[in-house]
Structure formats: C-alpha cells, structure tokens
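Contents: one structure, followed by commentary.
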Amino acid sequence: MDALMGALTNTYRPEPVGPTTFPRTVDYRYLAYDIARDSVQEEQRSTVILRRPQRIIPQAIGLTEILWAICPRQRIIAVHQSCKDRRFSFIAGQLPENLPTYGTNDAEIVIGHHPDLVLTTYYSDANFLHQLQQAKVPNVQLGFFGNLEQIEEQILLIGQLIGEERSARQLTDTMVEKIKAIQAYAESRRGDRPPLTVLYYDNMGYVAGRNSTFDAMCRLLGVVNIATAKGIDYFKQVDYETLLQWNPDMIIVPEESVFDQQLYENPILTSAKAIRQRNIRKIPSVYLLSASQYLVASTNYLAGLIYE
C-alpha cells in the first residue's frame, strides 16, 4: 500500500511553457446530481483561463489531493479545513502546518487570499459562488463523479485549467496501471467461484448503490454490489428487514464505528448469512469517502478485505 500511495501522490512533470499556452478556452462536460429527480444531469460548459494560475484554492478534499499530485505545491495557497483531517483526507499529514485553511462558507477569507483560480464543486454553496462572482475571482465549478473514469476525466480537466496536462496524464496513466494490477489480483483470488454479493451499510442505515464510488469499486473487483442489484441509486436508507431479505455474503461498515457489533447482536439479523459467517468487514472512512486518484487505493483496500 505504501508504494501505491506514493505513486498516486506525486506525478508532477514540469510542463514546457510557450508564449501561446495562455489564455486558453477550456470546454468540459459538467455533471450534477439532482436530488429531487434522483438522477445525474449533464451539460456542456466552457471557461476562459487568461493566464497560468499561480495562486490556486480548491474547495474540496478531492480537488486538493489531485492538485497536490500534479502541480508545484506552492501554487496551492489555501485549502478547506477538512483537508487537514486524517479521517477524511489522504494528504492531511503532508500539508504544511502554516498552509492557510478556511470553512465551507468563508468566501471572504478565500477572496482575501487573492487567488487567481478557485476550484469549486457541484455542491458548493450558492452564496459562496455568488460572492466569488461579485469579487470577480476567477473560479471554475467542477461536477459530480461516481466512478473511476469520471475522476480521471476531472483530473485531465484540472490539468488543462492549470496548465499541467503532462502531469495530469501521468497521474491517470498511473491509476490505470495500478487498477489493472489490483484486478489481476482479485481475479486470481476469485477463481471460478461465483461473484460475492457485498453491501456497504453504515450506522445511519444508508447503503451505497449505483452512481457511488463504492459501487465503482465493487465493479472493478468483480463483486456484486447488492444495493445496485436491487435498484438503489446513490445513497438510500434501508431497514434491517430489507438487509435480511437481500442477505449479502459480506457487509462493509465504517471502521470508526462499533456498528459491526450492533449488527452481530441484532436479533432480527440472526439468520443473515454475513452475520452467521461473521463476515462483516471494517474499512476506514477515508477510503470510503475517496474523491480523487486515491479511489485506486480504496479499491486496493477493499480487495484486501474481500479476497484476504
């Protein structure tokens, strides 16, 4: 895992800078998850980057992790405060103590750092975005992702936006190479046996279905995410009776909880296969929440749990 993490953490390759590199117009596909319709909406967007950004502020952990890998790190001048929390961020231990942080709605703080590019997300607060626009701060809103291919697409887009296409391509190539090795391992361990049925289940009763990165990991590893098989999109709450009816081979729960013991001790679930076979596995939340190239590391960790 250490070698894999290292390969995903630094793929910076200096990009030749020519006189016509900037300004540039970047066209991209924007995806947004529509909660009301429970669907992903797609549109084409375009943005103009006048000069190579040198003072970049990302508004999400995943965006920060991508930038950390593909560009000179001094160009990242502030990060969201969650990026320094090891429960959520793979690079929390690497970020300098003196690197400024800000909160979700701290648009004034972000503006005060005088960034020449702010990377926001499809779930960014509307007022936050409005304040950036009012202050004429260059910003680009990046969209929803639910699988490895969409994360790769965002990495390449960020490479275009900041003038680091070579490094971005190096990162996506590394991801493809490492995923192939993980899949080969999983296939060798699975053999001729039918695919396992797996369910992510947290202590609030949520499961992860289609359009979730957990489902993407399951598909990469050749196992059946039973929530997706039962028609669940994104995240939904299900009760214990439904869990018993689905009866997965394995249940994955967050490591930071004692939810595995609650499930083992629940009288409703006594006859459930995963309970009877003591087949509940725990995974750290940082791997469950991965929103960057580290989804490859998350897939590797899940492979170890499933095929150990």
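List of remarks:
- Listed by first and then second residue, the pairs with beta-carbon distance under 6 Å, at least 6 apart or on different chains, first residue in segment 181-193 and in contact (Cβ under 8 Å) with a residue 40 or more places away in the chain, second not small (Gly, Ala, Ser), are 182/299; 182/300; 186/221; 186/307; 189/307.
- Among the residues making up segment 159-177, those that are over 23 Å from residue 141 (Cα atoms) and crowded, with 17+ Cβ neighbours inside 10 Å are 170, 174, 175.
- Test: residue 39 is over 23 Å from residue 159 (Cβ atoms), touching a residue at least 24 places away in the same chain (Cβ under 8 Å) and not aliphatic (A, V, I, L, M): yes
- Hey, residue 298 touching a residue at least 40 places away in the same chain (Cβ under 8 Å) and surrounded by 16 or more Cβ atoms within 10 Å (Cβ to Cβ) or not: yes
- Odd one out for residue 146 among (1) under 20 Å from residue 293 (Cα atoms); (2) modelled with pLDDT of 95 or more: (2)
- Residue check, residue 188 among the small types (Gly, Ala, Ser), open to solvent by 70 Å² or more (accessible area, probe 1.4 Å), outside the structural domain of residue 52 (by the TED database) and over 28 Å from residue 120 (Cα atoms): yes
- Note on segment 1-107: enclosed strands (runs of 3 or more DSSP E) holding 1 or more residues that are polar (S, T, N, Q) are 24-34, 39-49.
- Filtering 216, 208 for residues that are touching a residue at least 40 places away in the same chain (Cβ under 8 Å), of a type in the set (Gly, Ala, Ser) and under 23 Å from residue 8 (Cβ atoms) leaves a single hit, 216.
- Residue within segment 241-263 that is more than 20 Å from residue 149 (Cβ to Cβ), open to solvent by 10 Å² or more (accessible area, probe 1.4 Å), in contact (Cβ under 8 Å) with a residue 60 or more places away in the chain and in contact with a Pro (Cβ under 9 Å, 6 or more places away or on another chain) present: yes
- Residues in segment 275-287 that are open to solvent by 60 Å² or more (accessible area, probe 1.4 Å) and assigned to a loop (DSSP other than H, G, I, E, B): 277, 278.
- Boolean, residue 272 is buried (at least 21 other Cβ atoms within 10 Å of the Cβ) and closer than 13 Å to residue 199 by Cβ: yes
- Matching residues, segment 189-213, being small (Gly, Ala, Ser) and over 16 Å from residue 305 (Cβ atoms): 191, 205, 209, 212
The values are calculated or read from the model by the stated rules, or taken from the named source; none is laboratory data. Because the structure is a prediction, the values reported are computed rather than measured. In this analysis, Cβ positions are derived from the backbone assuming ideal geometry, glycine residues included, and neighbour counts consider all displayed protein chains. Side chains included, ligands, DNA and RNA excluded: accessible areas come from the protein's heavy atoms. Shrake-Rupley method; radii C 1.70, N 1.55, O 1.52, S 1.80 Å.
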